[in-house]
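Supplied in structure tokens, the structure appears directly below.
The values are calculated or read from the model by the stated rules, or taken from the named source; none is laboratory data. Please read these numbers as outputs of a predicted model, since none were measured by experiment. Cβ sites come from the backbone with ideal geometry, for glycine too, and all protein chains shown count toward neighbours.
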Amino acid sequence: MATYTQDIDAIARLRENHGGTWDAIDPESVARMRAQNKFKHGLDIARYTADIMRADMENYDRDPTKYTQSLGCWHGFIGQQKMIAIKKHFNGNTDRRYLYLSGWMVAALRSEFGPLPDQSMHEKTAVAHLIEELYTFLRQADARELNDLFRALDAARESGDKEAEKAARDKIDNHQTHIVPIIADIDAGFGNAEATYLLAKKMIEAGACCIQIENQVSDEKQCGHQDGKVTVPHEEFLAKIRAVRYAFLELGVDNGLIVARTDSLGAGLTKQIAVTKTPGDLGDQYNAFLDCEEIEASELANGDVVINRDGKLLRPKRLASNLFQFRKGTGEARCILDSITALQNGADLIWIETEKPHVRQIGGMMDEIRKAVPDAKLVYNNSPSFNWTLNFRQQVFDAWAEEGRDVSAYDRDNLMRAEYDDSELSIAADEKIRTFQADAARDAGIFHHLITLPTYHTAALSTDNLAREYFGEQGMLGYVKNVQRKEIRQGIACVKHQNMAGSDIGDDHKEYFAGEAALKAAGKDNTMNQFG
């Protein structure tokens, strides 16, 4: 890649080729605009970020302490602020830190129908639009950061400080982008395999390098942490995985990634009995989990559906909803089969939706999966749907009880009581929560940890706190003390909100285009100057 100086020289030569008609074009200004627009379209981003994820997966295989993380986003500004914060707090780099795009948050916060549950009722294109929006904001974060470096370079030149000038150039040449991989939720594909392919293309064109798809019935889709989930036979799910792969390959994103999610642990229903041709084939394995009763031919009733297995007639339990029921207690075995099947047929990563965060439960399933696919890696939802405090307090309680420790001071069914917050048990539980991601990466094959809905909750919490203070006795101090002053003390760039929205970049562009005639916003009367 050309350095900043090399780019300026190349543009100067291009200007010369136009015989004086481009003399008003400043090569350095063009070089700056090019640097601020490194990624020209979504496919550039998808290819670049797919390479990052592939490299991270290889590093994780060598060293499971090198797991990756992400936080869910529902707006471009939220994603931008996350990556700005990560660069600020972690030595200017975003290594192993991604963004997650949650279909749940799209449904709840982005649908024109208003807030919706996570049931694939929102506009399918809203997901692709959010991917594009996220990358628009991340690209602007690059442009803003580089703009500050360009201004530092100009100031160094004006003062004659050669060392500062060289340092500014080095930072420009070695600038690390805010562009990171997005794992994007396509739900159950929003229809058949063709519909999945068409939507996947839109998502990839917007910049998605990684698409997560689940094995639920598209038109019966439920949130992974609610009841009533209905899965599809493997062949139908594999057709959708192939559809996503075809979309990646058609668009030239050969390194694109697919996360195959199984909801089978909490899904007790299926809409279809799988097609099977020979005993033990994939369809037969799926059907073997059905809750059936053996009957004689004379017992057949009108409309009965029956399965012939080893010469026996089996009648699957059929509900009034026309759905068929799986045998209780088969969820883990179905998750294991789902995961192995997906990985052996084109998926790159798996996602097992669980009902609680428990390393031994997850690790037990991964041990079985890795017998068939040794390098299997998991994407895991550190979900706000779990009561993390209660779950881990109960896990510590149970472990202590098993060890024979005295737990009589605690009521296992009421461990959320505030009176326990500073107890020895709660301190031990909090330490397990703190190390959960590292422990699960090491012991349960989790390559990527994500929180699906964090900013949904942080937005609600911070707004509640502000409203309570501002409309209460604190008045304006409720905002100044708890928002603006904290922004200043913590160095939150957004305190200068005009700059964050691109005002300074616009001023520089005006100067490129109009020279001394530019009417700029950042004069002495701009109140942003109060923030230094």
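Tell me, please, whether a residue that is outside any loop (DSSP other than H, G, I, E, B), closer than 19 Å to Val259 by Cα and modelled with pLDDT of 95 or more can be found in region 354-363.
yes
Can you name the condition, by its number, that His497 falls short on among (1) surrounded by 15 or more Cβ atoms within 10 Å (Cβ to Cβ); (2) of a type outside the set (A, V, I, L, M, F, W, C); (3) within 30 Å of Asp148 (Cα to Cα)?
It fails just one condition, (1).
Going residue by residue through region 98-106, is there one that turns out to be crowded, with 23+ Cβ neighbours inside 10 Å, of a type outside the set (Gly, Ala, Ser), modelled with pLDDT under 90 and touching a strand residue (DSSP E or B) at 6+ places or on another chain (Cβ under 7 Å)?
yes
Does Ala55 satisfy the condition of being outside the structural domain of Val244 (by TED's automatic domain parsing) and at negative phi?
Considered against the rule, which asks whether it is outside the structural domain of Val244 (by TED's automatic domain parsing) and at negative phi, Ala55 comes out as no.
Could I ask something else about it? Among (1) closer than 24 Å to His89 by Cβ; (2) at pLDDT 85 or above, which single condition is Gly532 missing?
For Gly532, the exception is condition (2).
Pick out the one residue from Arg417, Arg468, Arg442 that is in contact with an Asp or Glu (Cβ under 8 Å, 6 or more places away or on another chain) and on the phi < 0 side of the Ramachandran plot.
None of the other options fit; the residue is Arg417.
Go through region 394-429 and give me each residue that's closer than 24 Å to Asn382 by Cα and buried (at least 16 other Cβ atoms within 10 Å of the Cβ).
Correct list: Gln394, Gln395, Val396, Phe397, Leu415, Tyr420, Leu425, Ser426, Ala428, Ala429.
While we're here: Under 7 Å between Cβ atoms, which residue pairs at least 6 apart in sequence (or on different chains) link something in region 290-314 that is over 16 Å from Gln272 (Cβ atoms) and among the polar types (S, T, N, Q) with a partner that is at pLDDT below 90 and exposed (fewer than 10 other Cβ atoms within 10 Å of the Cβ)?
Nothing qualifies.
Taking Phe113 and the conditions (1) modelled with pLDDT under 95; (2) in contact with a Ser or Thr (Cβ under 9 Å, 6 or more places away or on another chain); (3) aromatic (Phe, Trp, Tyr), which numbered condition does it fall short on, given that it satisfies the others?
(2)
Can you name the condition, by its number, that Gln81 falls short on among (1) modelled with pLDDT under 95; (2) surrounded by fewer than 21 Cβ atoms within 10 Å (Cβ to Cβ); (3) outside any helix (DSSP H, G or I)?
Among (1) modelled with pLDDT under 95; (2) surrounded by fewer than 21 Cβ atoms within 10 Å (Cβ to Cβ); (3) outside any helix (DSSP H, G or I), the lone unmet condition for Gln81 is (3).
Can you pull out every residue in region 26-38 that is touching a Lys or Arg at 6+ places or on another chain (Cβ under 9 Å) and either assigned to a helix (DSSP H, G or I) or free of Cβ contacts under 8 Å to residues at least 12 places away in the same chain (or both)?
Pro27, Val30
Residues that are on the phi < 0 side of the Ramachandran plot and more than 20 Å from the chain's Cα centre (by Cα), at least 1 per element: which helices (runs of 4 or more DSSP H) completely within region 92-180 meet that? Working first, answer last.
Numbers: elements: 103-109, 125-159, 162-173.
By residue number, 125-159, 162-173.
Can Val407 be described as in a strand (DSSP E or B), touching a Phe, Trp or Tyr at 6+ places or on another chain (Cβ under 7 Å), of a type outside the set (S, T, N, Q) and in contact (Cβ under 8 Å) with a residue 12 or more places away in the chain?
In short, no.
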